[in-house]
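**Q** Sharing a structure, written as structure tokens. Questions coming.
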Amino acid sequence: MFKTIAQNAESLVVEKKSKFIGNVYSVETIEEAEKIIEQTKKKYHDARHNCYAYRIIEEDRIIEKQNDDGEPSGTAGAPMLNILTKKNLNNVLIIVTRYFGGILLGTGGLVKAYSDASIQAIEKAKEIEKEKGYIVEVITEYDKQAELEYICEKNNIKIVKKEYTEKIKNLVEISEEKYGKIFKEKNKNGEYNFKNEIKQKKYI
């Protein structure tokens, strides 16, 4: 179980004529985060700075990165990352874009502005909890489909896709804990109740 955000969000902070546009994103991988960073730099190509910070879980490790993008060292990326760390938020990317207003803010002013833009964006995004899970392919006979659907509904498991062929192929989104209890159970003949295969690891 870990904390993250429910949705992407944007904030705006104006400090002594400088505009700080905060964007917070829910991301799954470092590659996804870096792609968004590049897209943001292109979108706000006329801005003075595009500073960022992220914390992403990959292979059960938390990967952290921050960048001041030309601001004085420690005034932008570091306080943004510190907010993610203090809130224990993971799989989150924050980018704060600054349009310089002509008035120097000083070290303290910069830290406050970047922090405020980040906090306001996170508040709009709303914090939620997620847990380890899987996308699982479950194959059933036609006469067993109703049983599978009953089990999924009873245990709040989402069937995200069904494909009807000789048998029914179900793509199921399920937590790691429920997967172990439901799809790894065996009947008295030592067989799994449903033929299944993990297709993708996912946080749900």
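**Q** Please list, in chain and number order, the residues 5+ apart from Lys65 or on another chain whose amide H is under 5 Å from its amide H, with Hs placed from the backbone.
**A** Under 5 Å from the amide H of Lys65 lie the amide H atoms of Tyr54, each far enough along the sequence or on another chain.
**Q** Now a separate question. Top mean-square fluctuation among Val27, Val96, Val14, Gaussian network model of the chain, C-alpha springs under 10 Å?
**A** Val14
**Q** On the protein heavy atoms, probe 1.4 angstrom, tell me the percent of accessible surface of the chain carried by carbon and sulfur.
**A** Its accessible area is 46 percent carbon and sulfur atoms.
**Q** Just how far, in whole angstrom, is the stretch 57-124 from the stretch 1-48 if you go by their alpha carbon centroids?
**A** 10 Å
**Q** Running a GNM on the chain with Cα contacts under 10 Å, which residue among Gly180, Gly22, Gly133 ends up with the highest mean-square fluctuation?
**A** Of Gly180, Gly22, Gly133, the Gaussian network model singles out Gly180 as fluctuating most.
**Q** Oh, and also: How big is the dipole moment of the stretch 1-144 about its Cα centre under a simple scheme where the beta carbon of each Lys and Arg is +1, that of each Asp and Glu is -1, and everything else is neutral? Debye, nearest 20, please.
**A** The calculation lands at about 840 debye.
**Q** When the label point is put 7 Å from the Cα of Lys65 along its Cα-to-beta-carbon vector, which residues of the stretch 3-27 have a backbone N closer than 16 Å?
**A** The answer is 25-27, whose backbone nitrogens lie closer than 16 Å to the label point.
**Q** Related question: To test your reading of the geometry: what angle, between 0 and 90 degrees and rounded to tens, separates the Cα axis of helix 77-86 from the longest principal axis of the chain?
**A** Approximately 40 degrees, to the nearest ten.
**Q** FRET efficiency for Asn155 and His45, Cβ-Cβ distance as r, R0 = 45 Å, nearest 0.05?
**A** 0.40
**Q** Taking a probe of 1.4 angstrom, what is the accessible area of Asp116 in Å², to the nearest 10?
**A** In the full protein context, Asp116 sits at about 40 Å².
**Q** Turning to a different aspect of this structure: Taking the 0 to 90 degree range and rounding to the nearest ten, how far is the long axis of helix 106-125 tilted relative to the main principal axis of the chain, both from C-alpha atoms?
**A** Computed tilt is about 30 degrees.
**Q** Which entries of Lys87/Lys199; Lys16/Lys41; Lys124/Lys169; Lys43/Lys130; Lys35/Lys167 show an alpha-carbon separation above 29 angstrom in the structure shown?
**A** Lys87/Lys199; Lys124/Lys169; Lys43/Lys130; Lys35/Lys167
**Q** Turning to a different aspect of this structure: For the chain, what is the accessible area per residue in Å², given a 1.4 Å probe and the full set of protein chains?
**A** Averaged over the residues of the chain, the accessible area is 57 Å².
**Q** Contact order normalised by length for the chain, with contacts defined as Cα pairs under 8 Å and 6 or more residues apart; what percent is it?
**A** It comes to 24 percent, rounded to a whole number.
**Q** Also, quick follow-up: What is the extension gain from Leu104 to Tyr164, computed as 0.36 nm multiplied by their sequence separation minus the C-alpha to C-alpha distance, in nm to one decimal?
**A** 15.2 nm
**Q** Stretch Ile128-Lys87 to full length: gain in nm at 0.36 nm per residue minus the Cα-Cα span?
**A** 13.6 nm
**Q** Next question. Please work out the FRET efficiency for the pair Glu147 and Thr29, using the Cβ-Cβ distance as r and a Förster radius of 41 Å; give the result to the nearest 0.05.
**A** The value I calculate is 0.70.
**Q** Right, another one. Candidates (i) 1.16; (ii) 0.93; (iii) 1.04; which is the computed Rg/Rh (Cα atoms, Kirkwood Rh)?
**A** Derived directly from the coordinates: (i).
**Q** To the nearest 10 degrees, how steep is helix 30-43 against the longest Cα principal axis of the chain, on a 0 to 90 scale?
**A** Helix 30-43 and the main axis of the chain meet at about 40 degrees.
The values are calculated or read from the model by the stated rules, or taken from the named source; none is laboratory data. As the structure is a prediction and not an experimental result, all values here were calculated from the model. Positions of Cβ are backbone-derived with ideal geometry, glycine not excepted, and every protein chain shown enters the neighbour counts. All accessible areas refer to the heavy atoms of the entire protein, side chains included, with ligands and DNA or RNA removed. Shrake-Rupley method; radii C 1.70, N 1.55, O 1.52, S 1.80 Å.
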